[in-house]
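Trainee: Can you keep this structure in mind? I'll have questions shortly.
The values are calculated or read from the model by the stated rules, or taken from the named source; none is laboratory data. This one's a predicted model, so the numbers in the text were calculated from it and none came from an experiment. Cβ: placed from backbone, ideal geometry, glycine included. Neighbour counts: every protein chain shown. In case anyone asks, the SASA skips ligands and DNA or RNA and just uses the protein heavy atoms, side chains included. Shrake-Rupley method; radii C 1.70, N 1.55, O 1.52, S 1.80 Å.
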Amino acid sequence: MNSTLKTDVVIIGGGPGGSTAAMYLAREGIQSIIVEKDLFPRYHIGESMTGECGAIIRDLGLESVMLADKHPRKHGVNVYGAEGKTRWHVPVMARDENNELQAQFTWQVRRSIFDKRMLEAAVDRGATLLEATAVKPNMNEAGDVIGVQVRLADGNLEDIEAKMVLDCSGQNTFLANSGITGPKYLGNYDKQIAIFSQVANTVRGDDDDPENHPDNTLIFYQKKYHWAWFIPLDDNVVSIGIVVPSAYFVEKQESKADFIKRELRELNPELSRRVPDTTLLEPARSVVNYSFQVKKFTGKGYICIGDAHRFLDPIFSFGLYVTMKEAQLASKTIKEYFTGANCDADNPFANYQAYVEKAIDVLEDSLDAFWEQPLAFARIVHSKHRPFMVDVFAGRIYEGQPSPAALSFQKLLRRERAYASEDLYSVPIGSRYHPERAPIWNTSSSVVRTADGEELVNYFDSNSPVKA
Ligand SMILES: Cc1cc2nc3c(=O)[nH]c(=O)nc-3n(C[C@H](O)[C@H](O)[C@H](O)COP(=O)(O)OP(=O)(O)OC[C@H]3O[C@@H](n4cnc5c(N)ncnc54)[C@H](O)[C@@H]3O)c2cc1C
């Protein structure tokens, strides 16, 4: 017979979403067990933070840890046009108590270091860390989620009984794959591939110029859906990623490393100038089909956080922030639920679900407007809407939206968003999602291969497959 552990909340995944949730739950006096399958430190992509992501770190009291680890300070993002001659800049700025914009900085992080620190901080604040793989959710006769079954490092199975399961499993989408949530749909940017590594000896900016600060994120645009990132990881090393349609990568018939090196020379003249030495410091890694959306991602006994229910497009670095913000918001909602709020509702977390879904819709409208109308988008960045753009890039997407900038994007896209209050589970989103139109996620549908025949799978899956 399996042994059984008990806790208030069992958290699947000890990435930034899981550890942030554990810290905010601890603040509410709620116990948690974090189930993490990998030993940390481990590699992860997703290295650039938004301004409001930095604000969460500060709210958690971890700024001193970030400073001690000497993560580069990001002051903004610069986006270079296809010829490399024009650029637009969005600074990292916070809102003060008078709602005025003030200069602020956030961080670029090596995820191996950052994720480990976050997990350690969660454990320091009372969370229990269990090195194990969640293999299946446990349910009662009514179909409510009442815990999970995990496989321990020694191979034995163990049940964890909990009042709530928080799915923070990232792109592994544990609860969606287990059939607990609604369907998982392909997102707008599902036919893309990101191939990335690290380089050194690059040409960085100028310490005294926040618009061209050496630690800023640089984005190089080539054409629609074809771009590169440049994210400083320390004084010398820079994370480099090339993102293109999968079909273009297949057509090139190159190894991942050769593909990156050639794109560094050809994608954008400013990128070539910045990276004269294309020696890769790390093996090239890839992520395919990262864009998806899970419907009905909350229900009796569970909430999915961040990537575990929706990921759009990495271009403006919203992933870490969204997962950490949702972890913060969900912890408050869980506290209210534990003290009796909405206990008898069909879905106690319906309001939370609609709230976070609408916020990601603001990001989706911004990203879609960028891809569909890049010139109009750049004009809006420099127009009277600039402060609202600064807000969106920082991550202030939950309140005061849709802002005039967000409405301009909807207009550019000829998109209307009508949120039917009686039907919170089917908030209409984006051009691809529609129950009749949008394809259901199916990993076998779009296999991408390198020139030497290697089938590219997400390194999330290939590093440590989850086996039941
Ligand atoms: C190409 C690309 C570039 C990106 N760049 C950026 C960027 O610059 N900035 C940014 O903010 N975001 C970026 N992102 C997004 C970012 O990587 C994610 O949003 C972020 O890592 C989500 O954090 P998380 O904690 O929700 O999930 P993760 O960080 O993925 O953590 C999930 C954890 O769950 C564990 N796990 C999974 N399944 C199980 C299981 N069954 N049992 C136990 N443990 C399990 C995993 O081992 C993992 O440690 C990028 C994404 C992609 C694809």
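Trainee: Only helices at least 18 Å long along their own axis, judged from Cα atoms, and with Kyte-Doolittle mean hydropathy of -0.5 or greater: name those in the chain from DSSP H. Walk me through the numbers before you get to the answer.
Mentor: Working: long enough: 111-124 (19 Å, -0.24); 319-338 (28 Å, -0.14); 350-372 (32 Å, -0.25).
Once both thresholds are applied, what remains is 111-124, 319-338, 350-372.
Trainee: Across the stretch 204-215, in residue order, what do the Karplus-derived ³J(HN,Hα) couplings come to in whole Hz, using 6.51 cos²θ - 1.76 cosθ + 1.60 with θ = phi - 60° and x for Gly and Pro?
Mentor: Per residue, the Karplus-derived 3J(HN,Hα) values read 9, x, 10, 3, 8, 10, x, 6, 9, 5, x, 9 Hz.
Trainee: Can you give me the Rg/Rh ratio for the chain, using Cα atoms for both radii and the Kirkwood formula for Rh? Let's see the in-between values first.
Mentor: Working: Rg = 21.5 Å, Rh = 22.7 Å.
Ratio of gyration radius to Kirkwood radius for the chain: 0.95.
Trainee: Once each part is reduced to its C-alpha centroid, what is the distance from the stretch 170-209 to the stretch 22-43 in angstrom?
Mentor: 22 Å
Trainee: How do 251-260, 303-312, 285-294 rank on mean C-beta neighbours within 10 Å, highest first? Numbers along the way, then the final one.
Mentor: Numbers: 251-260: 16.9, 303-312: 28.7, 285-294: 22.4.
So the peptides 251-260, 303-312, 285-294, ranked by packing, come out 303-312, 285-294, 251-260.
Trainee: Give me the Å³ per residue figure for the convex hull around the C-alpha atoms of the stretch 241-301.
Mentor: On the way: hull volume 9.0 nm³, N = 61.
Output value, Cα hull per residue: 147 Å³.
Trainee: Mind listing the phi-derived Karplus ³J(HN,Hα) values for the stretch 31-43, rounded to whole Hz, using 6.51, -1.76 and 1.60 with θ = phi - 60°, and x for any glycine or proline?
Mentor: For the stretch 31-43, the Karplus-derived couplings read 6, 9, 10, 9, 9, 10, 7, 9, 7, 9, x, 9, 5 Hz, x marking Gly and Pro.
Trainee: How high is the relative contact order of the chain? Use alpha-carbon pairs under 8 Å, at least six apart in sequence, and give a whole percent.
Mentor: Values: 966 pairs, mean separation 95.4, N = 468.
About 20 percent, as a whole number.
Trainee: Tell me the per residue accessible area of the chain using a 1.4 Å probe; a whole number in Å² is fine.
Mentor: Details: 19260 Å² over 468 residues.
Computed with neighbouring chains in place, this is 41 Å² per residue.
Trainee: So who's got an amide H within less than 5 Å of the one on residue 192, skipping anything under 5 residues away but keeping other chains? H placed 1.01 Å off N, in plane.
Mentor: HN-HN under 5 Å from residue 192: 246, 289, 290.
Trainee: Taking a ≥ b ≥ c as the square roots of the eigenvalues of the Cα gyration tensor of the stretch 292-344, is the shape rounded (a/c under 1.5), prolate (a/b larger than b/c) or oblate? Show your work: numbers first, answer last.
Mentor: On the way: a/c = 4.55, a/b = 1.91, b/c = 2.39.
Here the stretch 292-344 falls in the oblate category.
Trainee: If N is the number of residues in the stretch 55-129, what value comes out of its Cα radius of gyration divided by 2.2 N^0.38 Å? Mind showing how you got there, number by number?
Mentor: Working: Rg = 16.3 Å, N = 75, 2.2 N^0.38 = 11.3 Å.
So the Cα radius of gyration is 1.43 times the expected 2.2 N^0.38 Å.
Trainee: Give the long-range amide H neighbours of residue 5: residues separated by 5 or more places, or on another chain, with amide H under 5 Å away, using H modelled in the peptide plane at 1.01 Å from N.
Mentor: Those lying under 5 Å, H to H, from residue 5 are 159, 160, 161.
Trainee: Expressed in whole Å with the largest first, what are the equivalent ellipsoid semi-axes of the stretch 192-288 derived from the C-alpha gyration tensor as the square root of 5 times each eigenvalue? If you can, show how the numbers build up before the last one.
Mentor: Numbers: eigenvalues 106, 39, 24 Å².
Here the semi-axes work out to 23, 14, 11 Å.
Trainee: Starting from the amide H of residue 77, placed 1.01 Å from N in the peptide plane, find each other amide H under 5 Å away whose residue is 5 or more places distant or on another chain.
Mentor: Close amide H contacts, sequence-distant or interchain: 90, 92.
Trainee: Hey, another quick one. How much net charge surrounds residue 214 when only other residues with a Cβ under 13 Å from its Cβ are counted (Lys, Arg +1; Asp, Glu -1)?
Mentor: Working: positive: 73, 74, 204, 274; negative: 206, 207, 208, 209, 211, 215, 234, 235.
Computed value for this residue: -4.
Trainee: Further, regarding this structure: At 1.4 Å probe size, with the rest of the protein present, what percent of the exposed accessible area of the chain is carbon and sulfur atoms? Walk me through the numbers before you get to the answer.
Mentor: Working: 9540 of 19260 Å².
Ligands and nucleic acids excluded, carbon and sulfur reach 50 percent.
Trainee: Can you give the helix-only mean residue ellipticity at 222 nm for the chain, where every DSSP H stretch with n ≥ 4 adds -39500 (n - 2.57) and the sum goes over all residues, rounded to the nearest 500 deg cm²/dmol? Write out the running numbers ahead of the final one.
Mentor: Details: 14 runs with 143 residues, N = 468.
Here the helix-only value at 222 nm equals -9000 deg cm²/dmol.
Trainee: Could you pull out every one of the aspartates and glutamates with an alpha carbon less than 17 Å from that of residue 70, ignoring same-chain neighbours closer than 8 positions?
Mentor: 47, 115, 207, 215, 234, 235
Trainee: Can you give the percent of C-alpha pairs in the stretch 100-218 whose distance is more than 23 Å? Write down the numbers at each step before the final one.
Mentor: Numbers: 4125 of 7021 pairs.
The calculated P(r) of the stretch 100-218 puts 59 percent of pairs beyond 23 Å.
Trainee: Using the structure shown, select from 224/325; 325/411; 295/384; 261/384; 136/256; 74/335 the pairs with a Cα to Cα distance greater than 31 angstrom.
Mentor: 295/384; 261/384; 136/256; 74/335
Trainee: Let me ask something else about it. Report the extension gain between residue 398 and residue 141 in nm, rounded to one decimal, defined as 0.36 nm multiplied by the number of residues separating them, less their alpha carbon distance. Spell out each step's value before the answer.
Mentor: On the way: separation 257, 0.36 × 257 = 92.52 nm, distance 3.60 nm.
Difference between extended and current length: 88.9 nm.
Trainee: How charged is the neighbourhood of residue 75? Take every other residue with its Cβ under 13 Å from the Cβ of residue 75, and add Lys/Arg as +1 and Asp/Glu as -1.
Mentor: On the way: positive: 73, 74, 204; negative: 206, 207, 208, 209, 211, 215.
The answer is -3.
Trainee: Which one of 178, 250, 316 is farthest out on the positive end of the charge dipole of the chain, using unit charges on Cβ (Lys, Arg +1; Asp, Glu -1) and the Cα centre as origin?
Mentor: 250
Trainee: What percent do you get for the relative contact order of the stretch 146-298 when only Cα pairs under 8 Å and 6+ apart count?
Mentor: That works out to 31 percent.
Trainee: Return the sequence-ordered ³J(HN,Hα) values of the stretch 270-287 in whole Hz as given by the Karplus equation 6.51 cos²θ - 1.76 cosθ + 1.60 applied to θ = phi - 60°, using x for Gly and Pro.
Mentor: Each residue's phi maps through the Karplus curve to give 5, 5, 4, 5, 6, 10, x, 9, 8, 4, 8, 7, 9, x, 5, 10, 9, 9 Hz.
Trainee: Could you estimate the translational diffusion coefficient of the stretch 1-76 from the Stokes-Einstein equation, with Rh from the Kirkwood formula over C-alpha pairs, at 25 °C and 0.890 mPa s, in whole µm²/s? Mind dumping the intermediate values first?
Mentor: Numbers: Rh = 14.6 Å.
Rounded, D is 168 µm²/s.
Trainee: Please report, in Å, the Rg and the Dmax of the stretch 4-147, where both are computed over Cα atoms only.
Mentor: Every Cα atom of the stretch 4-147 included, Rg and Dmax give 18.8, 63 Å.
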